[in-house]
Each structure stands twice: as structure tokens, then as C-alpha cells.
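Okay, structure first, notes after.
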Amino acid sequence: MGCASSSTASNEAKKVPSSKPSSETIRQRRKEQMYKTGSLSQNLVHQEHGPTAVLKERYEVVRQLGVGSMGTVAAVRVKPRQPSTVQQQSQASAISSATDGRLFALKTIRGNRISREFLKELQNEIESIRRMDHPNVVKFHEVLYFPPKGIAILMDFLSGGDLHARKPYTEVQAAAIMKQVLRALNYIHGQNFVHLDIKFENIMFVNKEPTSPVKIIDFGFAQRLDPTDTKEVQHKQLGTFDTMSPEVFSGNYTTKADLWSAGVVAYELICGNKPFTAMSPMGVIAKIAKGTYTLTDYSWKEKSVEAKQFVKALLTRNPDHRPSAKEALESKWFDVCLHEKQGQNSDLNDIDTLAQPLDNQICNTLKLFGRAPILKRIGLLLIAHKTFPEEVIQLRQQFERFDVDGTGVITVQEFKKALRAMGGTTGCDQNEFGECYQCMDTYGNGVVAYTEFLAALLERHMNITEDRIADAFEHIDISNTGSITKEDLRLLLGKDFSDDYANEIINQMDLDHSGQISFEEFLTAFRANQVGLGQMTKVIEG
């Protein structure tokens with residue numbers, strides 16, 4: 001009996017619930033850790049761990065774009081998400097309609113089918129693009145990690161095809177494309193990255209319109225440089241061989257390697273041929289190493305002197321003598337093609353955005369934005385991040401009008417200079433320029449990035465629907481409780497978090513003094529401004 005009793009007790013002890021965390025708890029912890037290591041700007045990209053089934057629950061596949069041995073790329077729509085709590089019910093049912101049925105691209109990689117090296121490249125691409133915020137760089141929206149070592153990335157769906165899709169190009173069209181590529185590279189290099197794979201296939205048109213902008217994609221080979229060393233040399237041989245610069249083959253290169261690749265792209269855009277051709281890959285590499293190409297054959301006969309000078313500068317063998325992206329943007333070729341010839345090419349009107357006028361009520365709009373609760377401004381950042389290019393054409397043009405140096409960010413000097421050029425038509429005097437600029441700087445780093453600019457002016461230019469507001473709320477509610485808590489802010493702000501800042505954010509919107517923000521409170525902050533921008537402008541001016 002004693003033995004039997006002892007054995008029964010032992011079996012009962014084994015039935016005691018284990019203290020081991022559930023798979024759901026583990027996924028939540030991993031998700032929280034990903035947010036903590038980022039900053040607000042990086043955490044605009046939603047990240048989480050989940051089972052493979054989440055892919056079918058969340059995304060509707062419209063058509064396959066590509067199928068390979070390691071995974072797939074598909075055009076998808078985001079499905080409606082089911083509310084998990086009563087508090088979430090008002091917003092979760094509307095999540096998918098926040099995208100109005102539009103398409104995204106979903107890249108799905110099966111971890112058990114890829115090499116460790118490829119997985120490292122993919123993770124490198126994710127971390128690189130999370131740090132990018134530029135109208136000519138592809139944008140990620142969500143990243144889902146699923147077992148075993150699988151990754152799904154929801155990104156911009158660029159329907160216009162790559163540069164091969166529209167060959168041949170006129171010289172004016174080539175100049176318009178190269179200006180966008182160089183502005184993107186100037187920004188990427190300013191963020192201390194080198195792309196290392198600039199080529200026709202990695203420059204995509206956003207849509208099928210003749211005036212479609214382009215975006216740079218595929219940051220799998222991108223390398224981060226030491227920001228304290230402006231001449232840091234990398235020692236990895238990466239990229240596609242026929243667009244590689246001579247110094248990349250030797251394994252010693254800087255950001256100037258991207259300018260050589262841009263020169264190869266420009267050459268083919270202008271004349272229709274590749275600069276380096278041979279019977280074998282080794283023959284091509286030999287010509288690249290020597291810098292052997294021609295600007296005198298039949299394909300260059302009708303091309304401008306400025307175009308030839310531009311290409312020649314980029315395809316300079318010695319990187320020390322090769323222009324930077326900023327210097328290349330100052331080429332006379334752009335003045336000749338994009339200004340003198342603009343009236344001859346209607347397709348150019350939307351591409352050369354520097355000709356667009358500024359919003360003459362911009363300061364009044366920024367004042368309204370600056371007076372909004374901080375959490376609403378963060379919500380607008382999230383909404384702005386998820387806008388589609390065609391929704392914000394005018395705002396993109398405004399941004400590039402301010403970004404005089406083509407760095408991809410607006411400095412306070414650029415902002416003041418642009419407003420002074422407008423005289424007294426901006427809704428504020430010169431003493432208020434600094435205040436208006438600070439209103440846009442939500443990240444608090446002293447410059448205004450593209451999404452910050454969009455967020456500050458978004459309400460004036462488009463209707464912010466409840467669906468989009470709900471989507472932003474769900475993104476901030478990282479802990480999935482149905483309310484925004486201080487812990488959610490700790491995760492979302494990441495490196496930008498402080499107790500005082502989080503308390504300030506909560507107190508500004510906590511109408512019922514519960515210490516957290518409900519969806520109704522969040523929505524109220526948006527609806528408070530919807531008495532009409534015109535009426536509020538009168539209040540400010542009065």
C-alpha cells in the first residue's frame with residue numbers, strides 16, 4: 001500500500017502544470033525584444049513571431065509573382081483581423097479596409113530551404129530597410145518570423161516593373177530616373193550604408209504611369225559603415241559582377257562603389273547598351289578592372305556632351321576621383337535635361353518635382369500638428385508610413401522642394417530658406433520658422449525625415465479614416481491588451497523611451513485617468529481636429 005500510495009503521489013506530482021512558458025508567451029517576449037532594440041523610426045515596421053498559419057489568416061494571395069527553391073513572392077491583400085478582446089472590437093474589424101483592398105508584395109522564405117549565408121543576407125536587408133525613410137527606397141510594412149527559421153516580409157507592391165520594362169529611354173527620361181537614384185543613394189550613404197547592388201533589376205517603377213517614380217530595392221548586400229570614419233573601407237566582395245566597381249573586386253571599397261554602379265546604369269539608360277561586354281564573365285571583369293568602355297560608338301552619336309561627361313565622371317576607376325552622390329546631383333546634365341527640356345516632355349512634369357510650388361499655408365498646418373497630443377502625432381507617423389505613393393504625390397513633391405541638398409532629410413536651414421523664398425505667404429513670420437520646424441521633428445534628432453514630413457501635413461491633404469486610425473492604434477498596442485499602456489510605449493519608442501516622456505504621452509490623452517489609453521480616447525484626439533482645417537486656421541490667425 002505504502003509503495004502504491006507513494007507511486008500515485010509521484011504520478012500526481014508529475015501532473016502539476018509546468019512553469020515553462022507557453023508558445024504564445026515566448027512569441028510575445030520575442031516580439032517585445034525586437035521592439036526594444038529599435039527606435040521609434042525603426043519600429044514603424046511591425047514585427048512579430050508567430051506560427052505559419054498566421055500567413056493564411058492574415059494575407060489573401062491574389063497572384064504569385066515568383067516561385068523559387070527557397071520561397072515565394074506574391075501579390076497579396078491584407079485580410080480583416082478578428083478582434084481578440086471586447087476592447088479591440090471597434091478597431092480590429094476595420095484593419096484590412098485601411099488598405100482599401102490595395103496590393104502589397106509578400107516575400108516568404110522557408111528557413112529549412114535556405115543556407116545560413118542567405119538567411120544572414122535576408123536579416124541584413126530587414127535591418128537595413130528598417131532604418132531607411134526615403135521616397136525612392138522600398139518600404140517594409142510588416143515582418144513575421146515563423147518556425148523553422150522562416151521569414152515573411154510585407155512590402156510595397158511596385159507594379160511598374162524594373163528598368164528593363166521600359167527600354168529604350170530618351171535622354172530626358174534617363175536623367176529623370178538617375179536624379180531619383182542619386183537622391184536615394186545620397187540618403188543611403190548619409191545613413192552610413194553602402195548598397196552594393198545597384199543595377200537595372202534593383203530599380204523599380206512604383207506603378208505603370210508614365211510619370212511613375214522609381215524606388216531602389218534589395219538591400220541584401222548592403223553594408224553599414226562606421227559613421228565616425230568617413231573614409232571607412234570595406235573588405236567583403238559583394239554584388240553583381242557586371243555592375244561592380246573595380247575596387248569591390250579587390251575587396252576594398254567605400255560608398256563610392258555605388259556611384260560606379262550608378263554609372264553603369266546611367267550608361268545603359270542613355271545609349272541602350274552595357275558599358276562592359278565580353279564573350280565571358282572573366283572578360284567582362286578584365287574590362288571593368290581596366291575601365292575599358294567607349295563613349296564614341298554609334299549609340300552615343302546623338303547624345304549630349306553633358307551626358308557623356310556625367311557617365312565618364314561616374315565610371316572613373318580611381319574612387320578618390322569619382323564624385324559622391326551629392327556631387328553627381330550637381331551635374332550640368334540635369335540642368336540641361338530637366339530644366340531646359342522640361343516643356344518638351346509632358347511625362348517629366350511630375351518627375352522633376354523641384355518645379356512644384358510650396359503649400360502657402362504650411363506653417364498654419366504645422367502649428368496645428370504641433371499642438372496635437374504626442375500620441376496622435378505618433379499615430380499619424382504610423383498612418384503616413386502605410387500610405388501608398390499615389391496618395392501622397394503632392395506631399396512628396398513638397399518634401400523634395402524643401403530637400404534642396406538632396407540628402408533625404410530637411411534641415412532647419414533648408415526649411416527656413418524655402419519659406420523665406422515664399423515671402424509672407426506661408427501663414428507665419430520668420431520668428432516662427434523654428435517653432436514650425438520643431439513641430440515636424442517627432443523623432444527629436446534635429447532633422448526632418450520623409451515620414452515625419454508626411455505625418456505633419458497628412459490631415460490637410462487627405463481624409464484620415466477611422467480604419468487607418470484603428471490600424472495605428474493596433475500597431476501601438478504591442479502587448480495586445482486593447483489599450484495603450486506605458487509598457488507599449490516603452491516597446492514602441494525603444495531607445496527613445498524615458499519614463500517622463502511616456503508619462504507625458506499618457507497624461508495628454510488619458511481622459512478617464514485610468515493610466516492607459518483606450519481606442520475611444522485615441523479616436524477622440526483625431527476627431528477633435530475634424531471640425532475642419534479651415535476653421536482651425538482662422539482660430540490660429542485670430
*In region 246-306, which helices (runs of 4 or more DSSP H) lie fully inside it and hold 2 or more residues that are in the same structural domain as Y169 (by the TED database) and charged (D, E, K, R)?*
256-271, 281-290
_D229 - would you say it is surrounded by fewer than 24 Cβ atoms within 10 Å (Cβ to Cβ), at pLDDT below 90, under 30 Å from Y298 (Cβ atoms) and over 24 Å from the mean Cα position of the chain (by Cα)?_
no
*If you go through region 185-196 one residue at a time, how many are assigned to a helix (DSSP H, G or I) and either surrounded by fewer than 21 Cβ atoms within 10 Å (Cβ to Cβ) or in contact with a Pro (Cβ under 8 Å, 6 or more places away or on another chain) (or both)?*
1
*Which listed residue is part of a helix (DSSP H, G or I) and under 27 Å from T211 (Cα atoms), from L381, L419*: L381
*Can you spot a residue in region 147-162 that is modelled with pLDDT under 90, outside any strand (DSSP E or B) and of a type outside the set (D, E, K, R)?*
yes
*Residues located in region 317-335, provided they are surrounded by fewer than 18 Cβ atoms within 10 Å (Cβ to Cβ) and either charged (D, E, K, R) or in a helix (DSSP H, G or I) (or both)*: R317, D320, H321, K326, E327, E330, K332, D335
*asked:* E302 - would you say it is of a type in the set (D, E, K, R) and within 24 Å of T255 (Cβ to Cβ)?
replied: no
*Of (1) under 22 Å from the mean Cα position of the chain (by Cα); (2) closer than 23 Å to F519 by Cβ, G406 satisfies all except one. Which?*
(2)
*Count, please, the residues in region 141-154 that happen to be touching a helix residue (DSSP H, G or I) at 6+ places or on another chain (Cβ under 8 Å) and either crowded, with 19+ Cβ neighbours inside 10 Å or closer than 18 Å to L103 by Cβ (or both).*
9
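Identify, please: which residue in region 440-470 is assigned to a helix (DSSP H, G or I) and either over 21 Å from P135 (Cβ atoms) or not assigned by the TED database to the domain that holds L523 (or both) and is, among those, farthest from the chain's Cα centre (by Cα)? Walk me through how you get there before you give the answer.
Kept after step one, since they are assigned to a helix (DSSP H, G or I), are these residues of region 440-470: 440, 450-461, 466-470.
When the remaining residues are screened for being either over 21 Å from P135 (Cβ atoms) or not assigned by the TED database to the domain that holds L523 (or both), the result is 466-467, 469-470.
Values: E466: 24, D467: 22, I469: 20, A470: 21 Å.
Looking at residues that are assigned to a helix (DSSP H, G or I) and either over 21 Å from P135 (Cβ atoms) or not assigned by the TED database to the domain that holds L523 (or both), I get E466.
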_Based on this model, can you work out whether F497 counts as among the hydrophobic types (A, V, I, L, M, F, W, C) and at pLDDT 95 or above?_
no
*If you go through region 481-513 one residue at a time, how many are surrounded by 14 or more Cβ atoms within 10 Å (Cβ to Cβ), within 26 Å of the chain's Cα centre (by Cα) and not in a helix (DSSP H, G or I)?*
4
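Let's see how each residue does on (1) surrounded by fewer than 17 Cβ atoms within 10 Å (Cβ to Cβ); (2) at pLDDT 90 or above:
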position: L366; (1), (2): no, no
position: A372; (1), (2): no, yes
position: I383; (1), (2): no, yes
position: Q398; (1), (2): no, no
position: V409; (1), (2): no, yes
position: G427; (1), (2): no, no
position: E432; (1), (2): yes, no
*Looking only at residues in region 248-292 that are free of Cβ contacts under 8 Å to residues at least 60 places away in the same chain and among the aromatic types (F, W, Y), which one is surrounded by the fewest Cβ atoms within 10 Å (Cβ to Cβ)?*
F249
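The values are calculated or read from the model by the stated rules, or taken from the named source; none is laboratory data. Here the structure is a predicted model, which is why all the values come from computation and not from measurement. Because the Cβ atoms are built from the backbone with ideal geometry, glycine has one as well, and the counts that use them run over all protein chains shown.
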